[in-house]
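Down below is the structure, laid out as structure tokens.
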Amino acid sequence: MVKLSVILPFFNVQRYAPEALKSLRANARDDFEFILVDDCSSDGTREILERAAEDLPGAVLIRREESGVSAARNTGIDAARGEYLTFLDGDDWVAPGYFARLVSSIEELGCDFVRTDHVRCTGTERVVHRVPYGRRDTVLSPRDVILPGNRSTPVDYPYSWAGVYHRRLVERGLLHFPENLHTAEDRPWIWRLHREAESFAVAGRLLGIFYRRGVTSSLTQIGDVRQLDFIPAFDQVVAETQADRDAALFLPKAVRTYCAIIAHHLNTIEKFEPAVARKLRSMSAAALRRLPQDVLDEALDSMDLERSSRLRRLRRRPAPLSEAAPA
């Protein structure tokens, strides 16, 4: 029986894939499988994965004909045979023995999913980023840690690879990603997990996943129209939260987070081409007007003056119908 399935989408990461694969070799175990999903790479990544499929213990190679990180992860989820599942991106890596410790953690805790800290790597800089929740190695209800609304909580830590998940979440339809989104696909995903899963924990002394920032091919570094998918992503978060039995409790958090993300993108608008920047402004204005206005007013009142003033001005901005609705 396969104990753990590690799902890795690869898209044009020829430079970094060998390090990711080397780290898998240092984690291989007879009951682990590594599902390598080639997401239509065109830079030599495919050949690297073909060689790995021959000599990496537990490797399963899947080639996709259409690109998309959510669909690539979903393809891996559908192929996974493990009792537990986790993720790793093709330009990141893990420490030797990390996956064995990850499995031990969720087996000892006996919960639906476990979240872990990670090391963010930018060039030669290494910074530990922690799950924004203090209690460790304690099984809790995921719904109980969504709030408070004015501080970072586990739903603001959406990284799918920073954790491990029991197969029952797949069977309940909670682990798949929305395939219509190019970026921010993990935002609706993490909110759904915390609203609908039954139990989770934050691992204590478990650090071993290395997240590479600043990769030029990463969508988080590219200022094109795909970056604007954060708008339909948070529209989905808000809509699903409005349908929740505790909507009155959770909706202010969802709306305030949406506002903070809009403000962040406006603050870095210079990275976008002029046409995309104009679309960002018009789509953001329309998004603000779609939100429940009483909840939005409360969210803006709770933010600092600079951001709240900017968002209030944006809300009053006319938005052409052709640009107002998300693609």
>> With a 1.4 Å probe and all protein chains kept in place, how much accessible area does E196 have, in Å² rounded to the nearest 10?
In response: 80 Å²
> Candidates [x] 59, 44, 39; [y] 59, 43, 36; [z] 69, 51, 40; which is the computed Cα extents along the principal axes in Å?
Replying inline: [y]
> Using Cα atoms only, what is the angle between the long axis of helix 69-79 and the major principal axis of the chain, expressed in degrees (0 to 90) to the nearest 10?
Replying inline: 40 degrees
> If you rank E270, E83, E33 by how much accessible surface each has, with a 1.4 Å probe, what is the order from largest down?
Replying inline: E270, E83, E33
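What does the C-alpha gyration tensor say about the overall shape of the stretch 196-286? Classify as rounded when a/c is under 1.5, otherwise prolate if a/b is larger than b/c, or oblate.
On the way: a/c = 2.74, a/b = 1.20, b/c = 2.29.
It comes out oblate by the Cα gyration axes.
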>> Can you tell me which lysines have their Cα less than 29 Å from the Cα of K22? Leave out same-chain residues fewer than eight positions away.
In response: K3
>> Could you check the spin-label model distance between S309 and R101? Points 7 Å from the Cα along Cα→Cβ, value in nm.
In response: 4.8 nm
> Rounded to the nearest 0.05, what FRET efficiency is calculated for D246 and A53 with R0 set to 51 Å and r the Cβ-Cβ distance?
Replying inline: 0.65
> By how many nm would the segment from L147 to D31 lengthen if fully extended, with 0.36 nm per residue of separation less the alpha-carbon distance?
Replying inline: 38.0 nm
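So with the 1.4 Å probe, I'd like the accessible area per residue for the stretch 225-278, rounded to whole Å². Walk me through the intermediate numbers first.
Values: 2250 Å² over 54 residues.
Ligands and nucleic acids excluded, the figure is 42 Å² per residue.
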> If one takes the longest principal axis of the Cα atoms in the chain, at what angle in degrees, from 0 to 90 and to the nearest 10, does the Cα axis of helix 230-242 lie?
Replying inline: 80 degrees
> Given +1 on the Cβ of Lys and Arg, -1 on the Cβ of Asp and Glu, and no further charges, what dipole in debye does the stretch 21-144 carry about its Cα centre, rounded to the nearest 20?
Replying inline: 520 debye
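How much of the accessible area of the stretch 28-84, probe 1.4 Å, is carbon plus sulfur, in whole percent? Mind dumping the intermediate values first?
Numbers: 1030 of 2660 Å².
Whole-percent figure for carbon plus sulfur exposure: 39.
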> Near the amide H of A59, under 5 Å away, which other amide H atoms are found, from residues 5 or more places off or on another chain, if H is placed in the peptide plane?
Replying inline: F34
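The values are calculated or read from the model by the stated rules, or taken from the named source; none is laboratory data. These numbers were taken from a predicted model, which means no experiment stands behind them. Note that we place each Cβ from the backbone using ideal geometry, even for glycine, and neighbour counts take in every protein chain shown. Please note that ligands, DNA and RNA were not included when accessible areas were found on the heavy atoms of the full protein model with its side chains. Shrake-Rupley method; radii C 1.70, N 1.55, O 1.52, S 1.80 Å.
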